[in-house]
Amino acid sequence: MVEPEIEVGAKPQRRRFTVDEFQRMGEAGIFAPEERVELISGEVFRMSPTGPRHTSAVIHLTRYLTRLLGNDLLLSVQCPMQVGAEQLVPDFAVLRPRNYRNLLPQPSDCVLLVEVAEWSIEFDTKSKARRYAMANIAEDWVLDLPGNRVLVHRGPEAGGYREVAPHPRGSSFTSPALGGATIRVDDLLAGGA
């Protein structure tokens with residue numbers, strides 16, 4: 001086997017992957033079936049492990065959001081979403097109805113994203129929120145379990161969201177993405193208490 005010639009003093013280059021390559025890697029079994037990964041800026045990142053508190057919050061929110069949405073919108077729970085050249089896995093994506101058999105959900109399908117943050121609050125409020133804003137997703141909620149609050153992001157623009165409003169337990173807010181529905185923070189955080 002002939003080894004490739006490398007220029008002396010050359011720095012190693014990162015190999016970035018496309019969404020198609022990332023999906024083929026999954027199909028080929030490169031990732032273990034239980035391994036949770038995302039494609040961010042062409043690189044594969046392992047997601048934070050989920051503990052009992054995060055799991056309880058996701059179970060509760062699945063029931064709560066399903067009832068809230070009724071039959072008008074779809075709820076995607078911890079499924080991949082293609083955001084430009086990235087494949088992210090939000091905890092929840094509220095989607096417009098369409099057939100998703102041949103194409104992952106896209107930002108144009110999404111009316112609301114929800115992240116549950118137990119250990120990943122900084123990543124969810126900075127890196128992921130910035131990506132969601134750049135993809136023009138109108139509303140993003142981050143349930144900050146340790147902080148006992150919900151951070152509501154609105155007004156997407158290139159560098160992030162113009163508005164980030166913290167809502168503590170005992171408060172409520174309205175959601176334009178959900179037709180002006182009033183959302184009680186205690187209802188959202190009930191499963192992660």
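The values are calculated or read from the model by the stated rules, or taken from the named source; none is laboratory data. Not measured: the values here are computed from a predicted model. Cβ sites come from the backbone with ideal geometry, for glycine too, and all protein chains shown count toward neighbours. The protein model used for the area step is the full one, side chains on, heavy atoms only, and it has no ligands, DNA or RNA in it. Shrake-Rupley method; radii C 1.70, N 1.55, O 1.52, S 1.80 Å.
Do any trypsin sites (Lys or Arg not before Pro) in the stretch 41-110 lie in a loop, going by DSSP, with at most 14 other beta-carbon atoms within 10 Å of their beta carbon, and if so which? Here the sparse-neighbourhood loop sites are Arg98, Arg101.
Let me spell out the model: positive unit charges on the Cβ of Lys and Arg, negative unit charges on the Cβ of Asp and Glu, origin at the Cα centre of the stretch 117-193. What dipole size does that give, in debye rounded to 20?
Using only the charged Cβ atoms, the result is roughly 140 debye.
Within the listed set Leu68, Leu103, Leu143, the residue fluctuating most in the Gaussian network model of the chain (springs between alpha-carbon atoms under 10 angstrom) is Leu103. Remark: the stretch 69-75, residue by residue, has Karplus-estimated 3J(HN,Hα) of 7, x, 9, 7, 10, 9, 10 Hz, where x stands for each Gly or Pro and the curve is 6.51 cos²θ - 1.76 cosθ + 1.60 at θ = phi - 60°. For the stretch 108-119, putting each phi into the Karplus relation 6.51 cos²θ - 1.76 cosθ + 1.60 with θ = phi - 60° gives couplings of 5, 7, 9, 9, 7, 10, 9, 10, 9, 10, 9, 10 Hz, in residue order, rounded to whole numbers and with x for Gly and Pro. Charge dipole (Cα centre; +1 on Lys/Arg Cβ, -1 on Asp/Glu Cβ; no other charges) of the chain amounts to roughly 460 debye. Surface composition of the stretch 123-193: carbon and sulfur make up 50 percent of the accessible area, probe 1.4 Å.
Counting pairs of alpha carbon atoms under 8 Å apart in space and at least six apart in sequence, what relative contact order in percent does the stretch 91-189 give?
Reported relative contact order: 20 percent.
When the alpha carbon coordinates of the stretch 104-160 are projected onto the principal axes, the ranges are 31, 22, 17 Å, largest first. Each Cα pair under 8 Å and six or more residues apart adds its sequence gap; the mean of these over the residue count of the chain is a relative contact order of 15 percent. The overall shape of the stretch 42-81, judged from the alpha-carbon gyration tensor, is oblate: a/c is not under 1.5, and a/b is no greater than b/c.
Name the residue farthest towards the positive end of the dipole of the chain from the options Gly179, Val114, Gly191, assuming +1 on Cβ of Lys and Arg, -1 on Cβ of Asp and Glu, about the Cα centre. The Cα lying farthest towards the positive end belongs to Gly179.
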